[in-house]
Structure formats: structure tokens, C-alpha cells
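Asker: Just dropping this structure here.
The values are calculated or read from the model by the stated rules, or taken from the named source; none is laboratory data. Given the structure is predicted, the values throughout are model-derived calculations rather than measurements. Neighbour counts run over all protein chains shown; Cβ positions are idealised from the backbone, glycine included. Remember, those area values only see protein heavy atoms, side chains included, never the ligands or the DNA or RNA. Shrake-Rupley method; radii C 1.70, N 1.55, O 1.52, S 1.80 Å.
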Amino acid sequence: MTPLLRKVSLTLGLCTLTKLSWAAPAFAPPGKGQSGLAVGNDASGVLRAVACAAEPCRVDGGVALDLPAALRANTGRARLSVVGIGGGRRAIVVSVPGAAFGQSYEAVVAMPIGGREPRVVFQGLTGLVEGSDGVRQGKSVTISEADEDGARRIVVGDEREDLNLCGRRAVLSPSLLDPNDLSLKPARVQRLSAAEREQAPKLAATKLDTAAPPASASLRALGASSAVGTPWALTDGKLDTAWAENRGGNGRGEFVVLSAPQELPLAGFDLTPATGRGPRDVPKELWLVTRGEVFQVTLPQDATASPGQRYRAMLPEPVSTDCVALVIESGFDDEPDSRLGLAELAAVTEFAGQSPESLVAALAGGAERARAAGAALRALGAPGYAAIARGFDALDAGGRSVALDAIDSAPCDVSGPLYVRALGSGVESHVLHARDRIPRCAEAATEPLLAATSAAQGEALALYGSELVTVAPGRAVEALTPRLGKLGLRDRRRVRVLLGRAAAAPAADAPVRRFLQDATLAPAATIDLLRAIGPRIGHFGKDAQVALARLAADPSFRTRYLLLEPAAALAESDAGAANLLAKSLSDAREPRLRTRALEVAPRSAAYAPAFSAALADENVRVREAAAYALGEGRFTRSGGALSKLLEDDAWPIARRAAATSLGRMPDDAASRAALIAAIGDEAPWVRAAAIESLGLRRSPGATDPIREKLDEREERVEVRRAAALALGALCDQNSVDLLDKLARRIADPMSTPEDRAIGEASLYALIQLHPRDLEARLAPLSKGPSASAVRRARARIGAGCGAR
């Protein structure tokens, strides 16, 4: 059974627009000198056009249309439009939806006058099918509204994503299907709809007195449908340049698109006819278009005799928009060689005629009117930016925020120094704004940053210095290094951090080397520079070694102590540095030097004997540092000595260091016994360290005493936490119920902070043990406030004991 044909027909005199489904061929009846035409699918599904005198029509054997294979599945959603184009003639427009939104295959088919075969006037993909986002383009086919005789126009042209009538589709380089010979010919078309034109308020442009203040230069031409000259001439502020359409005649429908500041309401427009052009090139009627409004503007007759004279059209009420389009409607003289256009189009705002200084004052508060003033300053360009720079410090916080937004559009030589000033404003949003923009204006900001950094102290020193290091690390080294010998303790620490960052940049290499070689640089500054470059000290090789040797001649405790870290970094490549470190490791008079040397010495086998020997030092801090050094170096042969220190030392800090370092050693019976015994140590931090190390080593036989500590309510919280985590690491399934009980405390609102700390550690251990009924045990905790703790624990533990 043949599906029903859905049909909507609008009869317009001799011309009709009929839209049909794909169920049957579309039929254009015979017209004046035209045979009838049918378009549809043949029996094999190929889209064809065929001459046909009367319905019903078969399309087998007709002219095949070149529908892309990828779109044949969309023919069920195709649209066939029979269009009356005037003169008793018709064409059929085919539209098949494409793969992407807004894209289609379209064809225009007509029977030629007196011809027997259909003519495919146009066919192809239409819509924004080429290019990248923001600048896509493609062909278009449009059917106009009916004119007074009922005829419609079929227009084929181009469209561009970046050139439209403020959101309205605009065909470019239009060609019209001529009803006289059924070919495409260049044409002038009005892109605005009849409804918008009919409803547009009518504005009369009036001549301005020459003393009237100029309008705002806030509009910027972006492009045009056609042009004699360039569209940008319309907003360049020069009367000897102009834009004119390049289609000729009355120029109807040709347009220019301009950007406008959304924050600055537009109250009207100033239009200036071009100088040096004849009266025939002055438009009589035109349209001013925004995102939501259309206005019809009429220029008076005297505009043809007043080139360079401004005419003003005021809007019924101010409009906020980011887009304005000027569309030509007609001229005073529609000669074929007319080229209608203007020298200037400018926007009228509430700030017309105000000085830049007045506009800066209007920024105060940062509210809506202030933002409008900011847009007006931006439109002024260089004078506006200069006024912002002059008046910035006198503004309140809201005004400075708007000023910073406006100055973003200024050249870096203006905005860069202002960002540096904003950096020290103390207002967080201004500081963030400045820090985000300063890298983009690095060259312009460098000198102001140098001046600010050279004078700053405290937090300001860190703030300015950090930005200087980012944009000019070499200059930062030059500015900061000489200050090291003059600053207080905290500021020296800040500068060392900054120099450490700067020294990592290749641009800072040369100045760092110069300062290391400079024997006149204050010793305190040279020491801090060596400390600052830290792990990169080896990169500076001989220069760093020479500086170290120069400073090592000073026998003072401060110098010897501070040089130990850079000496340790150079020790494996420089004999002088190694000698300095060795002397401090064995210095019999000063335990602080021995301790510091142990803290910074390389964790290499060459130093292991010194570390082991220091376990017997008379000073507890030395013994502590030696124990940690052995653990960090993972010197496994020192397990016995560490176990002895754990068992015999009178000082808890030394015993804790020994217990911690044993956690880095492989498990063996002797050290395991020492750690298990330390679970009963009198110092809680020793007990906690011993328990943690047993867990880390996966030591067998330790679970029972550790479980007892976990269950001991009087035990310190840090010990019980260590016990819970160790039981998880040891995969002790006998602890599941105890861990479950303690973990539930995280959901108890009456639990103390200590109970919650133990409960969260127990939760981690329980998940690590992963008993078969884990999900049932976690169910009460997976709701409410404790749910986040369960999620954290799951994410951190991973596979747990089940994967071992």
C-alpha cells in the first residue's frame, strides 16, 4: 500500500510554495514556457529529477542527483519545496538533513524554458561544513518570503560563522535564481526579515552642531558583506577613509558588522557621510541592528551636500549589546555605479563629551555604571588607559577592579606597570588578577618588579620577588643576591627560596656564576647563595667549589655550620668539600657540627663507617642523627648496632631513631626481638616507632603484643593508631573484630577526637585485611558523615591483603 502523501500548499497568485514528505515525488506543474517537473526516489532509492506533464509521476530514468551516500539514510526526513519564483515559473528545492546540526545536502532543480531535461541549478552540502570552530563557512540556500505578487526568491550564496547580522543568518555573495532564464545571477538581497523591518522603530538622523561633543569610539568594525576600501575604515576615526558597499545600485541588504562593549549602554549613533564622494554614494535609509533590536534610520536630504558632517540618531531607550550591524536599504540616487557608505559610525553613550579623568572618577564603587565607564575608557584607547594609570591609586577597591578589567585591553607597556602596583594592593582579587597577567607582559613588568623587589621586606618581598623570578629569573638573581647580607633572618630565608627557584632557570646561570666568583660579595650573602642553589650546586661545578673554598677559611662556628649542606652536595666531586665534611663529622669539640654533618652527609657506603661510629657518641643528638642516617641509607649491616642502641640507650629520642631506622631494614630474628621488646618501652613515641617498624617489616610473631596495645584503653593515642595500622600491614585476621569495633567509633557523635583518630586507623586496617564480610561490616559506616572516611580509606588501601 502506498503511504499517504503529506502536503501543505500555500497558493500565492500564480506561484505556490509546496512542501512535501519523501513518500511520493514532488511535482511542479507546467508553467510559462516550462514543462512539469517531478523530484523523488526511483525504485532503487536514487534521488532523481524528471520532466512530467501531470501527476502521478514516475522518476525512473531521470537525472540523478548527487546525494552523498552517507546521507541516504536521512531521506525519510528530507524536505521537498515547490517554489513559485514569479512569471508563472517554478523550481523545486531539495533539503536532506546532514550528519551534523545545521548541515544539509541541498539542491535547486528547475525545468529550463523550452527544455526537456531538468536542470540542476545547484547542489551540494550546505551549512558550516568547512573550517575550524569560530571561522567555519559553507554554502547556503534560502527561500525568501513572498513579495506583493506572491513570488519568492531562491538565493544561493555563502555563509560564515564569524560574519552574521548579530546572530541572524546572513547570506554572502548572493546569487538569485532568475525566473527569466532559470540561471543563478549575482543579486542584492535584504537579509533582515520583513517582520523585523515592519516592526522596527523609525529614527530620523539630525544634523549636529560642530561644537557637539564627539560620540564614543567604542564600536569596532569586524567585517562586511562587501566593501569598497575596508570595513575598518568605518570606525577608524578618520573622515578621509570610508566604507562603502560594493554591489552597486541602491546597495540594498549590504552590511557591516561591528563589536560593541556589552557593559556600555548605547543611547544613539552618529553617522558621518564620507568626504570626497558624490551625493549618489550617501545612503538615504539604513538599518541599525543589535542582538535583539532593529532600528530604521533615515538621513535628511542635506546629507548629500554635507560630507564630513555628523548626523545623530537617538534610540528610544539605551540598548546594551555586544554587536551592532549597519544594513543599507536605499540611497538618494540608485544609479548602477552608486556605492553607498559612510566615513564613520560611532555610538552615543551617557559619557559623551566627558574627559578621561571624569570617566576614571566614575569607576568608583565598581557597580553597573562604573563598568560602563570602564568600557568607555577602553573605547578611548591610549588616552583612557593613561588616565586609568594616573588615577588608579586614588580609586576604592571596587573601582580598581573595574580599572584592572579595562587595562587588560591596553598595551603591555601601559598595563604591565599597573599590574605590579596592583600586586601590592593587599586586595586578594587584585593580586590574583595581577599575578595572572604579569607573565603575559613580562618585559614591561620587569623593571617595576625590580624596583618593588629591591625596596620590599616581609611578605611583600616574597610576593614581588616571586613574580620577578617568574618573568626574569636572571634579573631576580642580580637584584636579590646582594640583599642577602643585609636582611633579617626571615627575609633571608624568603630570598633563599626565591633564589633556589631562579637558579633552576637557564637564564639565571650566568649571574649565579658571577656572584659565586665574586670575592667582594659579603660572605653571608655567598653562603646563602650556596645554600639557595641546593641540589643544583653540582651544576655550577668549579664556581661553587671556589666559593666554598674561599668561605671555608673562616673558622667561625656559623660559617662552618652553614657550609655543611653545600659541602655535602659537593663532597663526592670535590676533595675540599669532602675534607670539610669529614672534619665536621669527627669534630671532638662541637657536637652541633657533628650532628649537622650527619644530617646532610651523602647516604653512600663511603660514609657508613662514620655513621656507625657516631652511634657511640657521647652526645644524644649525634647518636640520634647517626641512627637516622643509617636507616635512610638502608645500611643493612648496621641492624645489630641499631638494635643495641634501641635496647641500651638512656635517651628516648635515640631509641626512637633506632626503632624507626630498623623499620627500613630486612626482618631478622635479633632486630625483631629488639623491636618487640620495645613495645613495652617507657616512652610512648618509642613504642609507636617500634610497632610501626614491625608492621613495615611484616615481622612474624609480633601481632599478639601489638593487638594488646591496640586494645589497651589507657595507652596513648599515637601508640594505638600505630598498632591498628601495623595489624593491617601484618594481615592479622585475628584482629578483625577488634578493628571493626574501634572503626565504628568514627560514626559515633559522642566519640572523642582521640577515639576518632584510632577509629580511622582501624578502618584503614580493616579494609586492608579485607575479611569476607567486609561489606557488611562497612555498611553502617558508609552512610552519613563517616561515609567520606570510608571512601578515603578505600582509595588509599587498594588491593589489601587479599592481593598478597
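Asker: Are there any pairs with C-beta distances below 8 angstrom linking a residue in the range 734-752 that is open to solvent by 10 Å² or more (accessible area, probe 1.4 Å) to a residue that is acidic (Asp, Glu) and assigned to a helix (DSSP H, G or I), with the two at least 6 apart or on different chains, and if so which?
Answerer: Going by the 8 Å Cβ cut-off, the qualifying pairs are Leu738/Asp711; Arg745/Asp755; Ile746/Glu760; Asp748/Asp755.
Asker: On to the next question. Which condition does Pro609 not pass, out of (1) in contact with a helix residue (DSSP H, G or I) (Cβ under 8 Å, 6 or more places away or on another chain); (2) within 30 Å of Arg655 (Cβ to Cβ); (3) modelled with pLDDT of 95 or more, if it passes all the others?
Answerer: Every condition holds for Pro609 apart from (1).
Asker: Only one of (1) more than 30 Å from Glu459 (Cβ to Cβ); (2) touching a residue at least 60 places away in the same chain (Cβ under 8 Å) fails for Leu377. Which number is that?
Answerer: (2)
Asker: Name the pairs whose Cβ atoms lie under 8 Å apart, with the first residue in the range 227-244 and within 19 Å of Arg188 (Cβ to Cβ) and among the aromatic types (Phe, Trp, Tyr), the second part of a helix (DSSP H, G or I) and open to solvent by less than 30 Å² (accessible area, probe 1.4 Å), and 6 or more positions between them or separate chains?
Answerer: Listed by first residue and then by second, the contacts come to Trp243/Pro231; Trp243/Ala233; Trp243/Leu234.
Asker: Taking the stated definitions as given, is Ala462 part of a helix (DSSP H, G or I), under 14 Å from Ala502 (Cα atoms) and touching a residue at least 12 places away in the same chain (Cβ under 8 Å)? Can you show your working first?
Answerer: Details: part of a helix (DSSP H, G or I): yes; under 14 Å from Ala502 (Cα atoms): yes; touching a residue at least 12 places away in the same chain (Cβ under 8 Å): yes.
Yes; evaluated as a whole, the condition is true for this residue.
Asker: Can you name every residue in the range 310-319 that is buried (at least 17 other Cβ atoms within 10 Å of the Cβ) and not aromatic (Phe, Trp, Tyr)?
Answerer: Arg310, Arg312, Ala313, Leu315, Val319
Asker: Out of Ala386, Ala372, Ala364, I need the residue that is assigned to a helix (DSSP H, G or I), among the aliphatic types (A, V, I, L, M) and more than 20 Å from Val319 (Cα to Cα). Which one?
Answerer: Every option except Ala386 fails the conditions.
Asker: Given the options Gly157, Gly127, Gly114, Gly150, name the one that is at pLDDT below 95, within 24 Å of Val324 (Cβ to Cβ) and of a type outside the set (Asp, Glu). Walk me through it before giving the result.
Answerer: Details: Gly127 fails: within 24 Å of Val324 (Cβ to Cβ); Gly114 fails: within 24 Å of Val324 (Cβ to Cβ); Gly150 fails: within 24 Å of Val324 (Cβ to Cβ).
Gly157 is the lone residue from the list that is at pLDDT below 95, within 24 Å of Val324 (Cβ to Cβ) and of a type outside the set (Asp, Glu).
Asker: I'd like to know if the range 759-776 contains one or more residues that are part of a helix (DSSP H, G or I), open to solvent by 20 Å² or more (accessible area, probe 1.4 Å), farther than 18 Å from Glu712 by Cβ and of a type in the set (Lys, Arg).
Answerer: no
Asker: For the range 263-307, give me the residue count where each residue is in a helix (DSSP H, G or I), charged (D, E, K, R) and without any contact (Cβ under 8 Å) to a residue 60 or more places away in the chain.
Answerer: 1
Asker: Do you know which of the residues in the range 410-426 that are modelled with pLDDT of 95 or more and outside any helix (DSSP H, G or I) is surrounded by the most Cβ atoms within 10 Å (Cβ to Cβ)?
Answerer: Ala410
Asker: Six or more apart or on different chains, Cβ under 7 Å: which pairs go from a residue in the range 652-664 that's within 16 Å of Thr636 (Cβ to Cβ) to one that's outside any helix (DSSP H, G or I)? Could you list them?
Answerer: Between residues of the range 652-664 that are within 16 Å of Thr636 (Cβ to Cβ) and residues that are outside any helix (DSSP H, G or I), the close pairs are Gly663/Arg697; Arg664/Arg634.
Asker: Looking at (1) more than 30 Å from Gly115 (Cβ to Cβ); (2) open to solvent by 30 Å² or more (accessible area, probe 1.4 Å); (3) more than 33 Å from the chain's Cα centre (by Cα), which is the only condition Lys185 fails?
Answerer: Going through (1) more than 30 Å from Gly115 (Cβ to Cβ); (2) open to solvent by 30 Å² or more (accessible area, probe 1.4 Å); (3) more than 33 Å from the chain's Cα centre (by Cα) one by one, Lys185 breaks only (1).
Asker: Pairs under 9 Å by beta carbon, first residue within 15 Å of Leu258 (Cβ to Cβ) in the range 150-169, partner among the basic types (Lys, Arg) and not in a strand (DSSP E or B), six or more apart or different chains?
Answerer: Short answer, once both residue conditions are applied: Asp162/Arg136; Asn164/Arg191; Leu165/Arg191; Cys166/Arg291; Gly167/Arg291; Arg168/Arg191.
Asker: Looking at the range 726-748, is at least one residue part of a loop (DSSP other than H, G, I, E, B), over 20 Å from Ala673 (Cα atoms) and modelled with pLDDT under 95?
Answerer: Scanning the range 726-748 turns up at least one residue that is part of a loop (DSSP other than H, G, I, E, B), over 20 Å from Ala673 (Cα atoms) and modelled with pLDDT under 95.
Asker: Moving on to the next point. Could you list, in sequence order, all residues of the range 448-459 that are closer than 18 Å to Ala502 by Cα, of a type in the set (S, T, N, Q) and open to solvent by 20 Å² or more (accessible area, probe 1.4 Å)?
Answerer: Ser454
Asker: Okay, next question. So how many residues does the range 689-718 have that are crowded, with 24+ Cβ neighbours inside 10 Å, in a helix (DSSP H, G or I) and over 47 Å from the mean Cα position of the chain (by Cα)?
Answerer: The total comes to 5.
Asker: Still on this structure, I have one more. Where residues in the range 507-528 are in a helix (DSSP H, G or I) and polar (S, T, N, Q), which of them is most open to solvent (accessible area, probe 1.4 Å)?
Answerer: Here the answer is Gln517.
Asker: Let me ask something else about it. For Tyr628, only one of the following conditions fails: (1) at pLDDT below 95; (2) within 48 Å of the chain's Cα centre (by Cα); (3) among the hydroxyl-bearing types (Ser, Thr, Tyr). What is its number?
Answerer: (1)
Asker: Within the range 321-344, can one find any residue that is surrounded by 19 or more Cβ atoms within 10 Å (Cβ to Cβ), farther than 25 Å from Ala194 by Cα and at pLDDT 90 or above?
Answerer: Within the range 321-344, one or more residues are surrounded by 19 or more Cβ atoms within 10 Å (Cβ to Cβ), farther than 25 Å from Ala194 by Cα and at pLDDT 90 or above.
Asker: Can you tell me which residues in the range 177-204 are over 16 Å from Gly249 (Cα atoms) and part of a strand (DSSP E or B)?
Answerer: Once the filter is applied, which keeps residues that are over 16 Å from Gly249 (Cα atoms) and part of a strand (DSSP E or B), the range 177-204 yields Leu177, Leu184, Lys202, Leu203, Ala204.
Asker: Please verify whether Asp518 is acidic (Asp, Glu), within 22 Å of Ala578 (Cα to Cα) and without any contact (Cβ under 8 Å) to a residue 60 or more places away in the chain, treating the condition exactly as stated.
Answerer: Working: acidic (Asp, Glu): yes; within 22 Å of Ala578 (Cα to Cα): no; without any contact (Cβ under 8 Å) to a residue 60 or more places away in the chain: yes.
It is false that Asp518 is acidic (Asp, Glu), within 22 Å of Ala578 (Cα to Cα) and without any contact (Cβ under 8 Å) to a residue 60 or more places away in the chain.
Asker: Scan the range 86-137 residue by residue and report those that are open to solvent by less than 30 Å² (accessible area, probe 1.4 Å), in a loop (DSSP other than H, G, I, E, B) and among the acidic types (Asp, Glu).
Answerer: Selection gives nothing.
Asker: Sticking with this structure for a sec: Out of the range 138-148, which residues are touching an Asp or Glu at 6+ places or on another chain (Cβ under 9 Å) and open to solvent by 50 Å² or more (accessible area, probe 1.4 Å)? Write out each step before concluding.
Answerer: Let us first name the residues in the range 138-148 that are touching an Asp or Glu at 6+ places or on another chain (Cβ under 9 Å), namely 138-141.
Passing the criteria: only Lys139.
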